[in-house]
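Remarks on the structure that follows.
The values are calculated or read from the model by the stated rules, or taken from the named source; none is laboratory data. Given the structure is predicted, the values throughout are model-derived calculations rather than measurements. Positions of Cβ are generated from backbone atoms using ideal geometry, with glycine treated the same way; all protein chains shown enter the neighbour counts.
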Amino acid sequence: MADSTGSVVTIVSEERTPESSLFDHVERVTHARGERFAVLLNLSKLSPHHRRPHHIRIAARTFDSLLNTRDVQLYVLGNGDIALMCKDIPVDDVDYMIDKLRMLFRNDPLAARTRSGDVEFTSWYDFESEFDIFFELTQARAEAANKIAAQSEDASAGRGIGAGFAGQPLDPYSLAKIDDSLLRLPIGELMREQPAVIVGADGTEDILFQEQFVSISDLQRRLAPGFNLVSNPWLFQHLTETIDKRVLAAMARAGLGDDSGPISVNLNVKSVLSKDFQRFDDALTQHSGKIVIEMQQIDVFSDVENFTLARNWLRDRGYRVLLDGLNPLALQYFNPGLLDADFYKVAWGTEFVEAETTEIHTETGALVEKVGPERFILGRTDSEEAMSWALTLGVRRFQGFFIDQVVERKAEKMLQARLDGRA
């Protein structure tokens, strides 16, 4: 850890949470509060679209000049918030950098509320008068973060969550407790985004849509460490329906701005036909043309009749439909075009290439051409090899870890350019 008089970002070891390191810092200055204050940037309150990793990295870098020349230390917390510990520095100097940062998020509802006088973007703590408040806040955050970390370590070591969805089988009683906890948890804390892109002939990438989803692995670590949430398909189905209700309600409340790009939402067939979706549609009907509804292959095949009903109703309302959960092997046995979706997401896996013959690859290419390569998206694109494989089939739409890295680097450069332009 950096010395308290240093002007560098605190480096947190793998054994400690950033919340614990921040609390240690606060404890050290308990009897030296003079000329000190702290600022908490509440970036966790930003919309999911504006709190992606590259946004947080750029936000932290905004304060480099202060970290290098002043007695300031910065902590990036687990939820994306940033804490600044400041000593012997004019408040205006810090406020200037925060105003500069706020401009990067000027299109976010949080920044809009801040401009209207409802100050939520930052929280300031003068140690002369508000030290005890900040002490209790950082202590509570450290204890919560350590508890979650301990549960995750226990689950990974004893029940194998770190290696996949393993652990104690889910039962109805445990599901009821998870359901209850899920209903009380702000669903936005579990919402994630992942872009799908179109790669042009010149190699440029354009966003096809931003997928909005709840990470089941995050949900498992947060609410059910030690349980395997996918062990029972029927109980898991019930859990996803509860998630659908929460997501639909949250998105209906938040709405979509006129400048928002296309998005996709994962839903069950049953959820699309529910009153929850009708309320979602009422709230977002003017934006339906830029919303893609993703439904899983296994859910669709279990009730093709209702899928057909849902698909037709969605189309009438202006939505597009995506069939998820396909793999290259499945394409050898059925023509997905028979389900008449707007998009088909095929999950990449190296085992498909290893088992693929020239004849099978040719047949797959013929099917892709028949259905339309513009309707296929290669999911789980985790390498250039995956992209190259798809490109030979004429597929130019991708989603996955490798794509995340490409988009993150591009977005980070753009954000940095905007920031530099206001320096």
Hits in region 210-225 (condition: small (Gly, Ala, Ser) and either within 18 Å of residue 251 (Cα to Cα) or buried (at least 18 other Cβ atoms within 10 Å of the Cβ) (or both)): 215, 224
Total residues in region 328-387, condition of a type in the set (Lys, Arg) and more than 24 Å from the chain's Cα centre (by Cα): 2
Of all residues in region 209-227 being out of contact with any Leu (no Cβ under 6 Å at 6 or more places or on another chain) and polar (S, T, N, Q), the one that is farthest from residue 182 (Cα to Cα): 210
Some residue of region 186-209 being at pLDDT 80 or above and in contact with a His (Cβ under 9 Å, 6 or more places away or on another chain): yes
